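Here's the structure, in structure tokens; my notes come after.
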Amino acid sequence: MRFLLASASPRRRELLRRAGFDFDVQPSHIVEEIQRGERPEEFARRVAREKAMHVAASSPPGSFVLGADTVVVIDGETLGKPSDPSDATRMLRLLSGRTHQVHTGICLVRAPDEIVALKHETTLVTFRELDEEEIRSYVESGEPLDKAGAYAIQGLTSKFVTRISGCYSNVVGLPVALVCEILKPILKKSRRHERIDPLTPGPSPPRGRGEKVITQTPALSPLGERVAHDPDALHRDAGRVRGSHARRRRNPLRG
């Protein structure tokens, strides 16, 4: 089974790798713009679907493609990636001392166009109060500029967060537990197809010159011993029986 991640995010790649998945990366290039009247979680699911469908359309049939998109929401406003340092500063001021929502939409597509799953995960995150110096210093670090909501919880922002309610990896960029739940039946089915029936004999190993073929099933020899199905061994046993009978006839005193 070929598994593709339709994302250029190094954080999503790392989360999947740590979870033990074997996958290839094929980023999608779509416009991530919220539509009028679209709810934040709907927006995250739609963008995740568009990413997955875009990559699946050019992938080998039967491949599984995972798309994901993360947004931060506060006061009904959806915060994507900041457009510049000033926008990042504005977002961090909004989040300071408050609780916000993080939605990540995920979509799994079986190439070329079959949607297997389309879901989202939500986590609540609370920031402590941030002063202007902390915000300025963080923006100058450059870390917020390519992150939804202008922060990376696994980075320098860890010192801002006082509480999390829900999936931590969802805030990083991918709800790993939800991804595993979706992929579990697919992986089980794939393993069943790849498993070799233990009752079906495999190819015989190469035999050397003069080598005997000995099976694992024991047999009962004429002497009452258990021996392998080796024709020479059976002949040797029969010879020992005839020799024993001849000795008994020559020695009538032997019991």
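Quick note: the coordinates plus some simple rules give every number you see, no bench work behind them. These numbers come from a predicted model, not from an experiment. Cβ placement follows ideal geometry from the backbone for every residue including glycine, while neighbour counts extend to all protein chains displayed.
What to note about this one:
- Report note on the peptides 72-84, 45-57: ranked by the mean count of other C-beta atoms within 10 Å, highest first, their order is 45-57, 72-84.
- Cβ-based net charge around His103, under 10 Å, with every Lys or Arg adding one and every Asp or Glu removing one: -2
- Distance between the range 154-192 and the range 37-109 - C-alpha centres, whole angstrom: 15
- Gyration tensor (alpha-carbon) shape descriptor, the range 3-194, a/c threshold 1.5: prolate
- Here the simple spin-label model places points 7 Å from the Cα toward Cβ, and for Arg163 and Arg39 these points are separated by 2.4 nm.
- Sum of side-chain charges, His29 neighbourhood, beta-carbon under 14 Å (Lys, Arg +1; Asp, Glu -1): -3
- Chymotrypsin sites (Phe, Trp or Tyr not before Pro) restricted to DSSP loop in the range 106-179 with at most 14 other C-beta within 10 Å: none
- Backbone HN-Hα couplings from phi across the range 8-23 [Karplus 6.51/-1.76/1.60, Hz, Gly and Pro as x]: 9, 5, x, 5, 5, 4, 5, 4, 5, 4, 5, 7, x, 7, 9, 8
- Sparse-neighbourhood loop sites, trypsin sites (Lys or Arg not before Pro) in the range 84-125 - DSSP loop, at most 14 other Cβ within 10 angstrom: Arg98
- The relative contact order of the range 56-125 comes to 41 percent, based on Cα pairs under 8 Å that sit 6 or more residues apart.
- Positive contributions from Lys and Arg (+1) and negative ones from Asp and Glu (-1), summed over other residues with Cβ under 12 Å from the Cβ of Val125, come out at +3.
- Cross-link table Lys81/Lys188; Lys147/Lys189; Lys51/Lys184; Lys119/Lys147; Lys81/Lys189, entries beyond 31 Å C-alpha to C-alpha: Lys81/Lys188; Lys147/Lys189; Lys81/Lys189
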